[in-house]
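Every number here is computed from the coordinates shown, using simple stated rules; none is lab data. Bear in mind that the values here come from a model prediction, so they are computed numbers and not experimental data. Counting neighbours? That spans all protein chains shown, and the Cβs are built from the backbone with ideal geometry, glycine included.
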Amino acid sequence: MEYGFCHLGIIPLRKESKEQSEQVSQLLFGDSFIVLDKNDNWLLIENFDDKYIGWVDKKQVIGLNQSEFETYTQASKQFVREAIAYVFQTNTITKEKIIYPIYLGSQIVSAKFQLNNILFEISQSSLTQNIVTSSLHLITIALKYLSTAYLWGGKSLFGIDCSALTQMCYKQIGVNLLRDASQQITQGEQVKDIASAQKADLCFFTNDQGKVVHVGIYMGNGEIIHSSGQVRIDKIDQKGIFRQDTQTYSHSLYMIKRIL
């Protein structure tokens, strides 16, 4: 296997080639990848969309040949717009049929397509009809994740970290961000201050050592949506994120970047 495809709803991307290892990210249905190395039943892969590297269990993915990989990655994508949808998978050789749940933000080339002798079918009504690249649409998508629990390495409604929230929201309006906050801060154009910020700008925050450790999406009117404990909306000013429930600043603002 030199190329692969995630055909399950969500699978972990791990730091090391063992089940006990830290989850550093996830693959969602429709993600494709390049295989960099192998270790028994584990594959060291590079996610095609964001170039993130980690280990996946070989049993949780399917292989693609080079032609399938290139055709799939070059095709335009649609996204699952519902919290949960269902994909029907039919093995064209054995005729076995399986139904899998897939989740908000998963990508797909069309309502019906085939890879590695598997026919995938999903209701067109579960998919985005048109990708709208706008700040308003981005905020609408972000609000779908509201109250989702924080999960290190998570990328779905079942748990999501701060940089995955920004990445997944931007992905669904046709803009690819890198995976981690420390990587995303290298993208876009710097905004002078919070007074100059616009809806959909990314706000980055540092820890006591000056390392970029957090990111959120500016919503306008002095508010930010971000994943901290859960996906939540808080107040923000030039100093940082202010939590009204505790009357304290939880994160120190470092920089604002404009992607759109």
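Structure values in brief
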item	result
Gain on full stretching of the segment that runs from Ser182 to Gln209 - 0.36 nm per residue minus C-alpha separation	8.4 nm
Above-threshold pairs, the threshold being 27 Å between Cα atoms, out of Lys18/Lys211; Lys18/Lys95; Lys171/Lys239; Lys51/Lys155; Lys18/Lys171; Lys51/Lys211	Lys18/Lys211; Lys18/Lys95; Lys171/Lys239; Lys18/Lys171
Euclidean distance of C-alpha centroids, segment 178-195 and segment 30-61, integer Å	27
Alpha-carbon Debye profile of segment 3-126, log10 I(q)/I(0) at 0.15, 0.20 Å⁻¹	-0.67, -1.17
Relative contact order, percent, segment 3-126 [alpha-carbon distance under 8 Å, six or more residues apart]	23
Cα pair distances exceeding 24 angstrom across the chain, given as percent	48
Mean Cβ neighbour count within 10 Å, used as a protection proxy, ranking 187-196, 149-158 highest first	149-158, 187-196
At least 18 Å along the helix axis (C-alpha) and Kyte average at least 0.0, DSSP helices within the chain	none
Burial ordering of Asp40, Asp57, Asp50, fewest other beta-carbon atoms within 10 Å first	Asp40, Asp57, Asp50
Which of Val56, Gln78, Gly4, positive extreme of dipole for the chain (C-beta unit charges)	Gln78
Residues Tyr218, Tyr249 arranged by fewest to most Cβ contacts within 10 Å	Tyr249, Tyr218
Over segment 135-258: Kirkwood hydrodynamic radius from C-alpha pairwise inverse distances, Å	14.0
P(r) histogram, all alpha-carbon pairs of segment 66-196 included - 5 Å bins from 0, percent	2, 9, 16, 19, 19, 15, 10, 5, 2, 1, 1, 0, 0
